[in-house]
Amino acid sequence: MPLIMDQPKAKPFRFLDLLPKIRQRIYEHVLVSQAPIEIHEASRQRRSSVSRGTPVETPGRISALLRTNKQIRREAAPLFFSQNTFVIPWGFPNLGVRWLDYLAPHHRRILRDVRFCYGDGAFWTIYDARTALSSLRLALERSGALSDLKEMTLWVPVCEFSVHTWKELHGREDAEWVSMDGTMPFDKGVAKKL
């Protein structure tokens, strides 16, 4: 019976030896989410490295992939930031401003869809929502982040009745997303699986 030591050593799999086209397909599969990605306050022990040590965190598999090494981060981060919808479900507007401030400018420039929720729920009127959006835009202007966000639309939810979390708005006919330029039904652009 041959000894284990006599067997040839398996060659390690090197992800970066894959063709860039194949790596991009893997990044798409792992990083592009049908459901909105919630941004949360990071605990003191864990910090996300979605971008420059930001004080907020994203789901573990995403952070882990983007922290693997500089080359993977350079290849994968643009896809992550440009193809996903981000929801900041509480801490309006401070958490959102902090998250956007800490993103590298080149990542802010490619963001397309960031949605802010007031508290954990929604505003009751479109007027209140647009007032909050104006405050958010002003805070982003003061921080210097607004100039990088020309391609992005900021959204907040509106619902006639009180809800406890933004996810409770799913499927409600009286819920909608509001931007400075218009409105859309809540479920548009929000994945079926919340």
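For the reader, a short list of remarks on this structure follows.
- Which listed residue, of Glu168, Glu173, is at pLDDT 75 or above, assigned to a helix (DSSP H, G or I) and not basic (Lys, Arg): Glu168
- Pairs where the first residue, in region 17-29, is within 13 Å of Leu65 (Cβ to Cβ) and the second is among the aliphatic types (A, V, I, L, M), C-beta under 6 Å, 6+ apart: Tyr27/Ala76; Tyr27/Leu79
- Region 77-95, residues that are farther than 13 Å from Trp166 by Cβ, crowded, with 19+ Cβ neighbours inside 10 Å and at pLDDT below 85: Pro93
- Looking only at region 120-135, and only at residues there that are farther than 22 Å from Leu146 by Cβ and under 23 Å from the mean Cα position of the chain (by Cα), the one that is modelled with the highest pLDDT: Ala122
The values are calculated or read from the model by the stated rules, or taken from the named source; none is laboratory data. Not measured: the values here are computed from a predicted model. Cβ coordinates were reconstructed from backbone atoms using ideal geometry, including for glycine residues, and neighbour counts include every protein chain displayed.
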